[in-house]
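Novice: Attaching a single structure in structure tokens format; questions to follow.
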Amino acid sequence: MSELEDLLRQKAEIEARILEVRAGEVDRLKFDLAAIAYQLRELNALPKTLVAAFTDKAGTFNVYRTMGVKRPQ
């Protein structure tokens, strides 16, 4: 295997790992945002625009459903 082929393989592996880590970080941040939104709503401190954004088609406030995040067990 030439040095160029080896470097390109390493580059592809690194880029794939970056995408995996990034996806995990995005999921964690979405979960944190959902938890904070529920806490703010309980305190009546969530802005109306965010309440509307996190309300689903049935008229239910559900951050987890609207953001596509799984609810903690």
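The values are calculated or read from the model by the stated rules, or taken from the named source; none is laboratory data. Quick caveat: nothing in here was measured; it's all calculated off a predicted structure. Cβ placement follows ideal geometry from the backbone for every residue including glycine, while neighbour counts extend to all protein chains displayed. Calculation scope for accessible area: heavy atoms of the full protein, side chains included, ligands and nucleic acids excluded. Shrake-Rupley method; radii C 1.70, N 1.55, O 1.52, S 1.80 Å.
Novice: Specify the longest stretch of the chain that does not include any exposed loop site, a site being one of the trypsin sites (Lys or Arg not before Pro) with a non-H, G, I, E, B DSSP assignment and at most 16 other Cβ atoms within 10 Å.
Specialist: Segment 1-56 is the longest.
Novice: Then there is this: Using a basic spin-label model with each label point 7 Å from the Cα along Cα→Cβ, how many nm lie between ARG28 and THR49?
Specialist: 2.9 nm
Novice: Angle, helix 3-42 long axis vs. longest principal axis of the chain, Cα atoms, 0 to 90°, nearest 10?
Specialist: Compared with the principal axis, the helix lies near 10 degrees.
Novice: Could you give the size of the charge dipole of the chain about its Cα centre, using +1 on the Cβ of each K and R and -1 on the Cβ of each D and E, expressed in debye and rounded to the nearest 20?
Specialist: 640 debye
Novice: Which of rounded, prolate, oblate describes the stretch 32-73, given a ≥ b ≥ c as roots of the alpha-carbon gyration tensor eigenvalues and a/c under 1.5 marking rounded, otherwise prolate only if a/b is larger than b/c?
Specialist: oblate
Novice: To continue, here is another question. Can you compute the modelled spin-label distance between TYR38 and GLU20, with each label point 7 Å from Cα toward Cβ, in nm?
Specialist: 2.9 nm
Novice: For the stretch 23-73, what is the accessible area per residue in Å² when the probe is 1.4 Å?
Specialist: 76 Å²
Novice: Once you have a ≥ b ≥ c as the square roots of the Cα gyration tensor eigenvalues for the chain, tell me rounded if a/c is under 1.5, and otherwise prolate or oblate according to whether a/b is larger than b/c.
Specialist: Because a/c hits 1.5 or more and a/b exceeds b/c, the chain counts as prolate.
Novice: Run the accessible area of the chain with a 1.4 Å probe and give the carbon-and-sulfur part as a rounded percent.
Specialist: Within the chain, the accessible surface is 58 percent carbon and sulfur.
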